[in-house]
1. Quick one: how many residues across the stretch 266-288 are open to solvent by less than 60 Å² (accessible area, probe 1.4 Å) and either outside the structural domain of residue 206 (by the TED database) or under 22 Å from the mean Cα position of the chain (by Cα) (or both)?
2. Quick check on the stretch 175-201: of everything there that is over 18 Å from the mean Cα position of the chain (by Cα) and not aliphatic (A, V, I, L, M), which residue is nearest to residue 334 (Cα to Cα)?
3. Within the stretch 218-238, is there a residue that is in contact (Cβ under 8 Å) with a residue 60 or more places away in the chain, among the hydroxyl-bearing types (Ser, Thr, Tyr) and over 19 Å from residue 308 (Cα atoms)?
4. Is it true that residue 176 is open to solvent by less than 40 Å² (accessible area, probe 1.4 Å) and closer than 29 Å to residue 35 by Cβ?
5. Would you be able to tell me the number of residues in the stretch 199-251 that are of a type in the set (Phe, Trp, Tyr) and open to solvent by 40 Å² or more (accessible area, probe 1.4 Å)?
6. Only one residue in 340, 307, 329 is modelled with pLDDT of 85 or more, hydroxyl-bearing (Ser, Thr, Tyr) and out of contact with any Ser or Thr (no Cβ under 9 Å at 6 or more places or on another chain). Which one?
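The values are calculated or read from the model by the stated rules, or taken from the named source; none is laboratory data. These figures come from a predicted structure and were not determined experimentally. Positions of Cβ are backbone-derived with ideal geometry, glycine not excepted, and every protein chain shown enters the neighbour counts. Areas reflect the complete protein model, heavy atoms only, side chains present, ligands, DNA and RNA absent. Shrake-Rupley method; radii C 1.70, N 1.55, O 1.52, S 1.80 Å.
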Amino acid sequence: MTTPSFSRISQQALAAPFWTDLLYDNLTSSITINWFSSTNASESDTQIYYDIIQSAIKAACPTRQCSSQFAAARVVRVHWQNLVYEIPDLHQSMNISFSAYLINTYEYESAYNEPVLRSYIAYDYSDLSDSLGSIRPFVGYRGKEGMMKVFNDPSYQRNAPFLSHPEKSKRRRNFYTGGRFLTDCEVTFLRQTRYNILHPAENLNDLINNPRFPCPCTLRQAQIDSRFGRLESETAYETSQHVVCYAPMTSNWIRLRWTTKLLRPQTCCYNRVTRDLITSGYLAGSVLSTGQNLFHRNPWQRRIKFYDQCCAPTRQTGAPNWDRCRLYYEIHPASSCTGYRSPSIVSGVGDPHVDTIDSGRYTCHVQG
């Protein structure tokens, strides 16, 4: 690959971190892909990727100032380990290792007073040998609309200095690939993500701190369980997909260690044909922070605004876009029926002591 041939490739975004004749050895070579999201990362991962992200922003920010205090970040790391380059005429080989990072930062407060998504790519050569000898890789990037950057070309008399810089921290190339304003879905996602970071006990993915009121497992169970009621708020698209939704109409508390916890309500959506609970995809119900909107008189008021921002059908396909819809389900997990028990008819005697079916024990002091 050379610069002229690279420039002739049209209508296709291409990342070329180290294009040359490399072989994959089944015993020693590997290609790994790692995903990082600041919304659910461990502290050690955050520190590793934070340095990469900050370096990219500092080196390739497209404006006078890019915020380093972004609301969230996502990174995909692709690492090529011990690929083999065979040196012509010498019957020798060299192991080649390098990485590429695809970075998205979400800046909620930007210079435009609008939330912005920015995308960067970083090539990291800190694992390369100090001397590449006769290897002349093509290193570059081409955007779909024609933007092109070339950092190293086989026609060069010598490789670009960054490929074998004495300081490994400087063996990196960062560049900006594009940006756009965020959608309402992404803005709400960032706000709720920030809230969860500040208030981790409110994270709905935490089953210990936020136990759920389980959904009935079948449509028939939902219909006969008096604790649940029809939402009757399905859109025309949802109705066309045979979806019908229920939700708990009461608040429910459980005893948890030394305190009591309010069970988080779930919307419970079923397929009318199979009569099963939908537990994945963009038609599933979800765990809610509060069930307040479930009790509104008008069906349209029972809609979940965040869900509609992310999972409304698109004009292009007539169906929701999962890449956007999944943001909602990252904050509000899909509903499940784990732990569901059908209501039972019970009776009891023994005033003033009462044992309940949920292992509670109560004493009633009746006078008169």
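1. Our first condition is that a residue be open to solvent by less than 60 Å² (accessible area, probe 1.4 Å); within the stretch 266-288, this holds for 266-271, 277-278, 281, 283-288.
Filter again for either outside the structural domain of residue 206 (by the TED database) or under 22 Å from the mean Cα position of the chain (by Cα) (or both), leaving 266-267, 278, 281, 283-288.
Here the count works out to 10.
2. Here is the first cut: in the stretch 175-201, the ones over 18 Å from the mean Cα position of the chain (by Cα) are 175-181, 198-199, 201.
Restricting the remaining residues to those that are not aliphatic (A, V, I, L, M) gives 175-181, 199.
Working: 175: 37, 176: 35, 177: 33, 178: 32, 179: 30, 180: 29, 181: 28, 199: 21 Å.
Among those residues, the one meeting the criterion is 199.
3. Looking through the stretch 218-238, at least one residue is in contact (Cβ under 8 Å) with a residue 60 or more places away in the chain, among the hydroxyl-bearing types (Ser, Thr, Tyr) and over 19 Å from residue 308 (Cα atoms).
4. Spelling it out, it is not the case that residue 176 is open to solvent by less than 40 Å² (accessible area, probe 1.4 Å) and closer than 29 Å to residue 35 by Cβ.
5. 1
6. The conditions single out 340.
For every residue, the table says whether it meets (1) modelled with pLDDT of 85 or more; (2) assigned by the TED database to the domain that holds residue 50; (3) hydrophobic (A, V, I, L, M, F, W, C).
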position	(1), (2), (3)
97	yes, yes, no
103	yes, yes, yes
120	yes, yes, no
133	no, yes, no
142	no, yes, no
163	yes, yes, yes
170	yes, yes, no
196	yes, no, no
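One line per residue, one yes/no per condition, for (1) at pLDDT below 80; (2) open to solvent by 80 Å² or more (accessible area, probe 1.4 Å); (3) not small (Gly, Ala, Ser):
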| position | (1), (2), (3) |
| --- | --- |
| 38 | yes, no, no |
| 47 | yes, yes, yes |
| 61 | no, no, yes |
| 70 | yes, no, yes |
| 85 | no, no, yes |
